[in-house]
Amino acid sequence: MIFLVFIDECSAAKQKRIPGTQRPYIINNRSYSPLPSAEGFVEKGLASWYGADFHGRLTSNGETYNMYAISAAHKLLPMHTVLLVKNLDNGKEIVVRVNDRGPFVQGRIIDLSYAAAQKISLIKTGTARVRITALGETKLNKKTGKRHFKKHADLRSGEYFVQIGAFTEKYNALSLQEKFLDKGHNIVINKVLVKGK
């Protein structure tokens, strides 16, 4: 048996700086850890909105909150995540960008700006059942100072592979293959060596 050991000089490794908006935080004695990515994120729950009391104040990412602009607050999603928000009570939809943290009210999943809430008829009721779906994110172009949209990959289309079983007996693999073929699925059996067998 041969062991190979690599010994490096004791030097401080450069660590990637985590933006303040991505660091864990505590509000009302509850701990929150922002997600590293919003890709594939879908959530259902209660939406609310915030307006005049916060108009002109700084958001969690340092922007000035404008109640007449389209934006949103979420407790965990990365800043600048672009979301499709659908009001499940009336079917209306709005696309928003996350630029703040919240809502910190039990049972609520997203706070919309006044303008966003108005577009999906949320102002009078104050809250509504919604489904939020992450569409992508905006990235800042440091040269122009403008944001551009980067869409997440659509996992509902295209080809991908899923392992549905692992067998030691070929008969069992063929039996499962037949069941999936009968339901119209494409299925492939691959033979692999495990521990030389």
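The set of residues in the stretch 99-129 being of a type in the set (Lys, Arg) and in a loop (DSSP other than H, G, I, E, B) consists of Arg101, Lys124.
Of all residues in the stretch 123-144, those satisfying the criterion of being out of contact with any Ser or Thr (no Cβ under 9 Å at 6 or more places or on another chain) and either of a type outside the set (Ser, Thr, Tyr) or in contact (Cβ under 8 Å) with a residue 60 or more places away in the chain (or both) are Ile123, Lys124, Arg129, Val130, Arg131, Ile132, Thr133, Lys139, Leu140, Asn141, Lys142, Lys143.
Would you mind stating whether Ala38 is surrounded by 12 or more Cβ atoms within 10 Å (Cβ to Cβ) and farther than 26 Å from Asn141 by Cβ?
Numbers: surrounded by 12 or more Cβ atoms within 10 Å (Cβ to Cβ): yes; farther than 26 Å from Asn141 by Cβ: no.
No: the conditions fail for Ala38.
Only the coordinates and a few stated rules stand behind these numbers; no lab work does. Computed from a prediction, not measured in an experiment: that's the story for all the values here. FYI the Cβ positions are ideal-geometry reconstructions off the backbone, even for glycines, and counts take in every protein chain you see.
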